[in-house]
């Protein structure tokens, strides 16, 4: 057993042994997992693939006079403005109102490159935020905050896709030719972060990662995370399984490791570069970190059928060969992720650690609670949302406007003195949660 603290000490002393995921796979041909755990300190990983569930939070800075931005666009791409006065969230897949091949991912990439982007905003105007219209150019140096927040990245083992139907299908897995004309896949196999630590024994809340050429962090299990999955004979999950929510400062990112993309007749997406260091803390971690493409299996799903059912299984050696045998037919296979970029990310992260500019972090919390994926049920027609009566949160705002002091805060508790109440309803006018006091019902 080694601790992350011990590994970090070796890193700062320049004594750590660091290998990329491919290098440790080669080492495993002549070395046992136990020996790998003893000899190696860190294994670096990498992936550079389309990740639709990506986006960025921005704080544009206040206007003069101030404005509560409600409808926001960056170069004709809608930004979600229901956050705060001048905050917004730009989703990577949000399409331009004028060009369906251009979207949020392109805006994020342009901003990271330092380009100027046209911001348009409108609002109803309020007493504290009177401005109703704004138009001007922004860039990453002008705005206060610009950070990438991706709710679902680094899919553990995404299924391969094919098409047994009679027509071409345009999907997020690319163009799928009819009659099993081709097969596409996304995961980077033995370089993929969550296949090198499939049970996430070292990856959790607070794990420091390579994110688009800068430092990022794992902040939560990604959406659609599940750890209740089938595994192959090597103990590695087959299919999607676990994901990560990640965050990082987009102002510091390198545009080489983030790339806007468009899949024909599907939509906009974004390639995101992620690398995660796997500390070799014990033999179990070393075992999984050293599994090869031949030992990692994924599903093949037919996108021509409802629900995309699994019609076969394939390992990453077979996928990487360029051809897969499927239903007695030799089918061309091709990745939609970049293996060369995944290798570059793993090597870059290795170099950072070797120079002691990147240390490992101990997860604050592991993501080992059982999590199942759920299907969205259809809601019967006519069913309305039931609304509960609001209850007092005892903020005390009403006490500042009550003309008779019928409402008072006493030791942080809101007290109503009925004898002083004149039923003016001033309190109801200011209550932020809509509470109706007893005298309003008379």
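Residue-by-condition table, conditions (1) within 30 Å of residue 351 (Cα to Cα); (2) out of contact with any helix residue (DSSP H, G or I) (no Cβ under 8 Å at 6 or more places or on another chain); (3) in a loop (DSSP other than H, G, I, E, B); (4) not assigned by TED's automatic domain parsing to the domain that holds residue 186:
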site: 15; (1), (2), (3), (4): yes, yes, yes, no
site: 19; (1), (2), (3), (4): yes, no, no, no
site: 22; (1), (2), (3), (4): yes, no, no, no
site: 34; (1), (2), (3), (4): yes, no, no, no
site: 38; (1), (2), (3), (4): yes, yes, no, no
site: 100; (1), (2), (3), (4): no, yes, yes, yes
site: 114; (1), (2), (3), (4): yes, yes, yes, yes
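Within region 248-257, restricting attention to residues that are farther than 14 Å from residue 271 by Cα and surrounded by fewer than 18 Cβ atoms within 10 Å (Cβ to Cβ), the residue that is nearest to the chain's Cα centre (by Cα) is 249. Scanning region 177-193 for residues that are under 13 Å from residue 51 (Cβ atoms) and outside any loop (DSSP other than H, G, I, E, B) yields one hit, 193. Residues in region 53-73 that are touching a residue at least 60 places away in the same chain (Cβ under 8 Å) and surrounded by 21 or more Cβ atoms within 10 Å (Cβ to Cβ): 54, 55, 56, 58, 60, 67, 69.
Here residue 282 clears all of (1) surrounded by fewer than 18 Cβ atoms within 10 Å (Cβ to Cβ); (2) in contact with a strand residue (DSSP E or B) (Cβ under 7 Å, 6 or more places away or on another chain); (3) more than 16 Å from residue 172 (Cβ to Cβ) except the condition numbered (2).
Let's see how each residue does on (1) closer than 30 Å to residue 113 by Cα; (2) part of a helix (DSSP H, G or I); (3) in contact with a helix residue (DSSP H, G or I) (Cβ under 6 Å, 6 or more places away or on another chain); (4) at pLDDT below 95:
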{"site": "260", "(1), (2), (3), (4)": "yes, no, yes, no"}
{"site": "269", "(1), (2), (3), (4)": "yes, no, no, no"}
{"site": "272", "(1), (2), (3), (4)": "yes, no, no, no"}
{"site": "284", "(1), (2), (3), (4)": "no, yes, no, no"}
{"site": "288", "(1), (2), (3), (4)": "no, yes, no, no"}
{"site": "291", "(1), (2), (3), (4)": "no, no, no, no"}
{"site": "299", "(1), (2), (3), (4)": "no, no, no, no"}
{"site": "307", "(1), (2), (3), (4)": "no, no, no, yes"}
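A quick yes/no check of all residues on (1) under 33 Å from the mean Cα position of the chain (by Cα); (2) surrounded by 12 or more Cβ atoms within 10 Å (Cβ to Cβ):
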{"position": "346", "(1), (2)": "yes, yes"}
{"position": "349", "(1), (2)": "yes, yes"}
{"position": "354", "(1), (2)": "yes, yes"}
{"position": "361", "(1), (2)": "yes, yes"}
{"position": "384", "(1), (2)": "yes, no"}
{"position": "397", "(1), (2)": "no, yes"}
{"position": "404", "(1), (2)": "no, yes"}
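Output yes when any residue across region 378-394 is assigned to a helix (DSSP H, G or I) and on the phi < 0 side of the Ramachandran plot, and no when none is. Checked against the condition, which is being assigned to a helix (DSSP H, G or I) and on the phi < 0 side of the Ramachandran plot, region 378-394 yields no hits at all. Could you please let me know if residue 154 is surrounded by 16 or more Cβ atoms within 10 Å (Cβ to Cβ), assigned by TED's automatic domain parsing to the domain that holds residue 315, in contact with a helix residue (DSSP H, G or I) (Cβ under 6 Å, 6 or more places away or on another chain) and modelled with pLDDT of 95 or more? Judged against the criteria, residue 154 is a match.
All conditions but one from (1) modelled with pLDDT under 95; (2) within 32 Å of the chain's Cα centre (by Cα); (3) farther than 26 Å from residue 221 by Cβ apply to residue 388; the one that does not is (2). Residues that are part of a strand (DSSP E or B) and in contact (Cβ under 8 Å) with a residue 40 or more places away in the chain within region 74-86 comprise 74, 81, listed in sequence order. Please indicate, with yes or no, whether at least one residue in region 312-326 is in a loop (DSSP other than H, G, I, E, B) and in the same structural domain as residue 177 (by TED's automatic domain parsing). Yes, region 312-326 has at least one match.
It is to be established whether one or more residues within region 208-218 are part of a loop (DSSP other than H, G, I, E, B), more than 14 Å from the chain's Cα centre (by Cα) and in the same structural domain as residue 42 (by TED's automatic domain parsing). Yes, the conditions are met somewhere in region 208-218. Among the criteria (1) part of a loop (DSSP other than H, G, I, E, B); (2) surrounded by 15 or more Cβ atoms within 10 Å (Cβ to Cβ), the one residue 106 does not fulfil is (1). Is it fair to say residue 210 is in contact (Cβ under 8 Å) with a residue 40 or more places away in the chain and surrounded by 24 or more Cβ atoms within 10 Å (Cβ to Cβ)? When the stated conditions are applied, residue 210 passes them. Output the residues belonging to region 87-98 that are assigned to a strand (DSSP E or B) and within 12 Å of residue 261 (Cα to Cα). Residue satisfying the conditions is 95 alone. Scanning region 116-142 for residues that are assigned to a loop (DSSP other than H, G, I, E, B) and crowded, with 18+ Cβ neighbours inside 10 Å yields a count of 4.
The values are calculated or read from the model by the stated rules, or taken from the named source; none is laboratory data. Just so you know, these numbers come straight off a predicted model, no measurement behind them. Neighbour counts run over all protein chains shown; Cβ positions are idealised from the backbone, glycine included.
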